[in-house]
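To keep things clear, I will list the structure first and then write my remarks on it.
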Amino acid sequence: PLHFFAYGWGETSALPANTQLGVLESLRRYGLPVNPLTTLCENAEDMLAHYRAIETQRATLGYDIDGVVYKVDDIALQERLGFVSRAPRWAVARKFPAERATTILRDIEIQVGRTGALTPVARLEPVTVGGVVVQNATLHNEDEIARKDIRIGDTVVVQRAGDVIPQIVEVVAEKRPNGAKPYQFPHVCPRCGSAALREIDEKTGEADVVRRCTGSLVCPAQAIERLKHFASRNAMDIEGLGDKQIEFFYDEGLIKTASDIFALAEREAQMSPRLAEREGYGETSVRNLFAAIEARRRVPINRFIFALGMRHVGETNARRLARHFGDFESLRETARDAAIGSEARARIDSIDGVGPAVAEALHDFFAEPHNERELDALLKHITLEPMPAVASTSPVSGKTVVFTGALERLTRDEAKAQAERFGAHVAASVSKKTDLVVAGPGAGSKLKKAAELGIEVISEDEWFKRTGQG
């Protein structure tokens, strides 16, 4: 059976206590399991002493543990300290020292992830580290290999980072075999042959630590995840073509690239047995799938740009690019010519909200011949429509809007798209810059924050009236 310790909470209207430990005690009274090693420390000496005490008990605990977490107890102080990205400023982890072992590096294999990142993996002579047999270890990136001067055939020291991920700590230089050569990191993708590049930060002139395959539309290592993204609800929104269906069609060889989706009906006609005769399918489901694909032969340009899955180009940047360029060929031509220092690069950099990282990602994507060929194939099947014009005269144009609670007439995505069509900016959280909060049933902390800041709050029905929709 699965066992757990309760240690935190999600969004709530009111907490049972004003301290971390007090809330945990309440959870314990409610019948939830709370770790008995949790304690309140008065000073740094107490914290270090408790850390060492847990470290000595580590081997006898009935579960794996790789360290402790120090937290500020006062919840009011936690709220004042806030977060950095997703990490709280009011908590810090302290890990236990990792166990180490020595072995031989037999090979370095390059794996290509779903985002195109080339990750080097060490293939090791099997060795036991912390009670676990380790045969593979992460090498992180090419800079790390060069910094540690790791070569195939070296004797290396291995540890499990956080007692989980094996990594090479250092090379035992005196045991290096004669003739061992410095490792040359590949500059082409080992899976598809496309160029593998490192993005350059225009401000610092430094290269990104990760080298990435630029053939995102054709690389088999990225293909299934890219296809899932292409067909997903916020991209091309092809109903009936979900994750399982894409995996099935990919394994059957029917869909290898995005353009293959629009030729699926022709390919299916040559299948034996036919799709309707396969388990999980019938004539109605097949007919509905093909109808859904046909319905997406006309699609707004911003959805298509987002569906391509370019690095740094999410829904927001896709809309910015679509509004700026108007048509796809203008974007394509500009991005293809957008080398550093060019007029095309300056044009992309000038788009409000689009920075150098996006400009470089666009150039890398459109300058890759494999992607260009796939785009040509795709555009034979698809007609791109312009984005709906922004209503600059709308009462909410130029305002920052936050939606919270359970909306009853719109999904959250529909509400966001509608607000942007009326010229509003949609934010995820309430701040002093927020102009309007649209609250549905069950609205919690955002509604409370809006009241504290004196921000106008309206219902979903009032939103429809204000935007002239009845």
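Rg and Dmax of segment 358-453 over Cα atoms: what are they, in angstrom?
When restricted to Cα atoms, segment 358-453 yields Rg and Dmax of 19.0, 55 Å.
Along the Cα→Cβ direction, 7 angstrom out, place labels at M47 and E279. What is the inter-label distance in nm?
Inter-label distance under the simple model: 5.6 nm.
Starting from the Cα of I165, step 7 Å along the direction of its Cβ; do the same at R123; then give the gap between the two resulting points in nm.
2.2 nm
Which of P300, G442, L2 sits closest to the plus end of the dipole of the chain, meaning its Cα is farthest towards the positive end, when Lys and Arg get +1 and Asp and Glu get -1 on the C-beta?
My answer, from the dipole projection, is G442.
Hey, which lysines would be in cross-link range of K416, C-alpha to C-alpha under 18 Å, not counting anything within fewer than 8 residues on its own chain?
K399, K433, K446, K465
Please give the FRET efficiency for R409 paired with A346, using the beta carbon to beta carbon distance and R0 = 41 Å, rounded to the nearest 0.05. Don't skip to the end; give the middle numbers.
Details: r = 43 Å, r/R0 = 1.06.
Once the sixth-power term is evaluated, E becomes 0.40.
Which cysteines does the chain leave without a neighbouring Cys Cβ under 4.7 Å?
Flagged as lacking a Cys partner: C41.
Just in segment 370-470: which trypsin sites (Lys or Arg not before Pro) are loop by DSSP and have at most 13 other Cβ atoms within 10 Å? Present the calculation step by step, with values, prior to reporting the outcome.
On the way: sites: R373, K380, K399, R409, R412, K416, R421, K432, K433, K446, K448, K449, K465, R466; in loops: K380, K399, R409, K432, K433.
Taking segment 370-470 and a limit of 13 other Cβ atoms within 10 Å, the loop trypsin sites (Lys or Arg not before Pro) found are K380, R409, K432, K433.
Does segment 20-95 classify as rounded, prolate or oblate by the C-alpha gyration tensor (a ≥ b ≥ c root eigenvalues; a/c under 1.5 gives rounded; else a/b over b/c gives prolate, otherwise oblate)?
Working: a/c = 1.69, a/b = 1.25, b/c = 1.35.
The shape class here is oblate.
Given a Förster radius of 51 Å and the C-beta distance between H187 and A91 as r, what FRET efficiency does 1/(1 + (r/R0)^6) yield to the nearest 0.05?
Values: r = 41 Å, r/R0 = 0.81.
Taking R0 as 51 Å, the efficiency between H187 and A91 is 0.80.
Please list, by residue number, every one of the trypsin sites (Lys or Arg not before Pro) in segment 1-86 that is coil in DSSP and has at most 14 other beta-carbon atoms within 10 Å.
For trypsin sites (Lys or Arg not before Pro) across segment 1-86 that sit outside H, G, I, E and B with at most 14 neighbouring Cβ atoms in 10 Å, the list reads R86.
Would you give the gap between the C-alpha center of segment 342-378 and the C-alpha center of segment 1-29, rounded to a whole Å?
Using only Cα atoms, the two centres lie 48 Å from each other.
May I ask you to derive the FRET efficiency for E266 and E385 from their Cβ-Cβ distance with R0 = 41 Å, giving the value to the nearest 0.05?
Details: r = 25 Å, r/R0 = 0.60.
The pair E266/E385 has a calculated efficiency of 0.95.
Counting every Cα pair in segment 100-175, what percent are over 17 Å apart?
Numbers: 1117 of 2850 pairs.
The proportion of pairs with Cα distances above 17 Å equals 39 percent.
Treating the beta-carbon of each Lys and Arg as +1 and of each Asp and Glu as -1, no other charges, what is the dipole magnitude of segment 100-175 about its Cα centre, to the nearest 20 debye?
The calculation lands at about 160 debye.
Report the gain in length on full extension from I200 to L40: 0.36 nm times residue separation, minus Cα-Cα distance, nm rounded to one decimal.
Values: separation 160, 0.36 × 160 = 57.60 nm, distance 4.68 nm.
Contour length minus the Cα-Cα distance gives 52.9 nm.
How high is the relative contact order of the chain, given as a whole-number percent (alpha carbon pairs under 8 Å, six or more residues apart)? Please report the intermediate quantities before stating the final value.
Numbers: 744 pairs, mean separation 41.3, N = 470.
9 percent.
Can you tell me the length gained on complete extension of the stretch A427 to D66, counting 0.36 nm per residue apart and subtracting the Cα distance? Provide the component values of the computation, followed by the final result.
On the way: separation 361, 0.36 × 361 = 129.96 nm, distance 3.72 nm.
This chain segment gains 126.2 nm when fully extended.
With each label point set 7 Å from Cα along the Cα-Cβ vector, what nm distance links R28 and Q111?
Distance between label points: 4.1 nm.
Given bins 10 angstrom wide, list per bin the percent of all Cα-Cα distances in segment 59-190, short to long.
Calculated over all Cα pairs of segment 59-190, the distribution is 11, 31, 27, 20, 9, 2, 0 percent.
If each residue of separation counts as 0.36 nm, what is the full-extension length gain between L2 and A357 once their alpha-carbon separation is subtracted? Working shown, then result.
Details: separation 355, 0.36 × 355 = 127.80 nm, distance 4.34 nm.
Gain on stretching L2 to A357: 123.5 nm.
If you take the alpha carbon radius of gyration of segment 301-385 and divide it by 2.2 N^0.38 Å, what ratio comes out, to two decimals? Please list the in-between numbers first.
Values: Rg = 11.8 Å, N = 85, 2.2 N^0.38 = 11.9 Å.
Cα Rg divided by the expected 2.2 N^0.38 Å: 0.99.
Could you point to the label whose value was computed as Cα extents along the principal axes in Å for the structure here, given (1) 82, 52, 50; (2) 65, 65, 57; (3) 96, 68, 58?
(2)
Counting only helical runs of four or more DSSP H residues, what would the 222 nm mean residue ellipticity of the chain come to if each run contributes -39,500 (n - 2.57) and the total is spread over all its residues?
The helix-only estimate for the chain comes to -10000 deg cm²/dmol at 222 nm.
Which chymotrypsin sites (Phe, Trp or Tyr not before Pro) in segment 30-95 pass both tests, a DSSP loop state and at most 16 other beta-carbon atoms within 10 Å? All intermediate terms of the calculation are to be shown ahead of the outcome.
Details: sites: Y30, Y51, Y63, Y70, F83, W90; in loops: Y30, Y63, W90.
Here the sparse-neighbourhood loop sites are Y30, Y63.
Between the alpha-carbon centers of segment 147-176 and segment 251-323, tell me the distance in whole angstrom.
Cα centres, segment 147-176 to segment 251-323: 45 Å.
Just so you know, all these numbers are worked out from the coordinates, no wet-lab data involved. If you're wondering where the values come from, they're calculated on a predicted model, not measured in any experiment. Backbone-built Cβ (ideal geometry, glycine too); neighbour counts: all protein chains shown.
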